[in-house]
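Reading through the structure tokens given below for one structure.
What follows is calculated from the coordinates using simple rules that are stated; it is not laboratory data. A quick note: this is a predicted structure, and the numbers were derived from the prediction, not measured. All Cβ positions, glycine included, derive from the backbone under ideal geometry; neighbour counts span all protein chains shown.
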Amino acid sequence: MARYTGPITKKSRRLKTDLVGGDKNFEMRPFPPGQHGRGRVQEKEYLTQLQEKQKARFTYGVMEKQFVRYYKEAARRQGKTGENLLVILESRLDSVVYRAGLARTRRAARQMVTHGHFEVNGKRVDVPSYRVEQYDIITVREQSREKFPVQLARETFGDRQPPAWMHVVPGTLQILIHSLPTREQIDIPLTEQLIVELYSKN
């Protein structure tokens, strides 16, 4: 599956949010590239909405076509479309691995999934976009327990607190999904209503 592999810090600066999580280069230069920190360009409504969509896309590492599919699915569900969209994005397996604290960045989590280090309910899954559900159990495959990414995850586990909608067993790094997250449990700095407004124009 295609995904963006370009300079992520530059993308973070353009969208004015840390897409990596702990990006020190972004912290030092949080303003858009080319502005040198001076002046603010008046952003039109469309540009603001577009930036919010791009922020969501690059935060979760999702290409445009897949993002549109997620949006359409969110719109068909009951409840608020924007909140539904974020729940869909958060329930991706790579996002769950990142949220559980088993990877320092979303990119690293995606790579761990792609390399086949995890099983969901006893079945090997190597698709980052795989969607977890309530009561799912994600485990590290026995063949992967001594691999470097898993050893690193074990050593650094606890640096980031997993959200309340999941439980992680420290010794085995097993992830138990209690429920899918609510909007209040998703700490992404996004105004999802702007994304809804953008797509509703089409």
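So which GluC sites (Glu not before Pro) in segment 113-152 pass both tests, a DSSP loop state and at most 15 other Cβ atoms within 10 Å of the Cβ? Write out the running numbers ahead of the final one.
Details: sites: E119, E133, E142, E146; in loops: E133, E146.
Taking segment 113-152 and a limit of 15 other Cβ atoms within 10 Å, the loop GluC sites (Glu not before Pro) found are E133, E146.
Give the residue list of chymotrypsin sites (Phe, Trp or Tyr not before Pro) in segment 94-202 that are DSSP loop and have at most 11 other beta-carbon atoms within 10 angstrom. Here the chymotrypsin sites (Phe, Trp or Tyr not before Pro) that fit, given the DSSP loop and packing criteria, are Y135. For T48 and E142, a Förster radius of 41 Å and the Cβ-Cβ distance give a FRET efficiency of 0.25, rounded to the nearest 0.05. Taking the Cβ of G122 as the center, what net charge do the other residues with Cβ under 12 Å away carry, scoring Lys and Arg +1 and Asp and Glu -1? Here the count lands on 0.
The length gained by stretching the chain between Q66 and E133 to full extension, at 0.36 nm per residue less their Cα-Cα distance, is 22.2 nm.
Could you compute how fast segment 92-180 diffuses translationally, taking Rh as the Kirkwood radius over C-alpha pairs and applying Stokes-Einstein at 25 °C with viscosity 0.890 mPa s? Give it in µm² per second.
Result for D is 197 µm²/s.
With 27 Å as the limit, write out which pairs from K72/K147; K55/K123; K53/K147; K44/K72; K55/K147; K65/K147 have Cα-Cα distances beyond it, or answer none. Pairs exceeding the cut-off: K72/K147; K55/K123; K53/K147; K55/K147; K65/K147. With both labels modelled 7 Å from their Cα along Cα-to-Cβ, the V169 to I188 distance reads 2.9 nm.
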